[in-house]
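Quick notes on the structure that follows.
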Amino acid sequence: MPSDQTAILADVSSMLRTVLGDFGDDAEVTMDTTFRDDLGMESIDVVSLAGRLQARYGNAVNFALFASGLDVESVGELRVGQLVDYIADSLEKVPAGS
């Protein structure tokens, strides 16, 4: 895994632990961790995560746009790695100095 993905995974993991509170303390977050099955996230948790992503990465990462491309089943099976990849790709597209 590239170092930027490692850093993004650490950021997302920290955000997830904050969003999930006590539940998140025990959960190991890897690229293969699923939001629903492994972390037990509900829609309000996803909204909170989206807000934290916006605060951390600004307009470079549009979680709503990312999620809009997924059907209901895919959202339930979403893996942390898919989000990390999306963030990394989005950040690569930001012009230098922005």
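Please treat every number below as a calculation from the coordinates, not as lab data. What you are looking at is a predicted structure, and each value in this text was computed from that prediction instead of being measured. For neighbour counting, all protein chains shown are included, and Cβ atoms are generated from backbone atoms with ideal geometry for every residue, glycine included.
Residues that are surrounded by 15 or more Cβ atoms within 10 Å (Cβ to Cβ), charged (D, E, K, R) and in contact with a helix residue (DSSP H, G or I) (Cβ under 8 Å, 6 or more places away or on another chain) within segment 31-84 comprise Asp45, Arg52, Arg56, listed in sequence order. Meeting the requirement of 3 or more residues that are charged (D, E, K, R) and out of contact with any strand residue (DSSP E or B) (no Cβ under 9 Å at 6 or more places or on another chain), the helices (runs of 4 or more DSSP H) wholly within segment 30-77 are 43-57.
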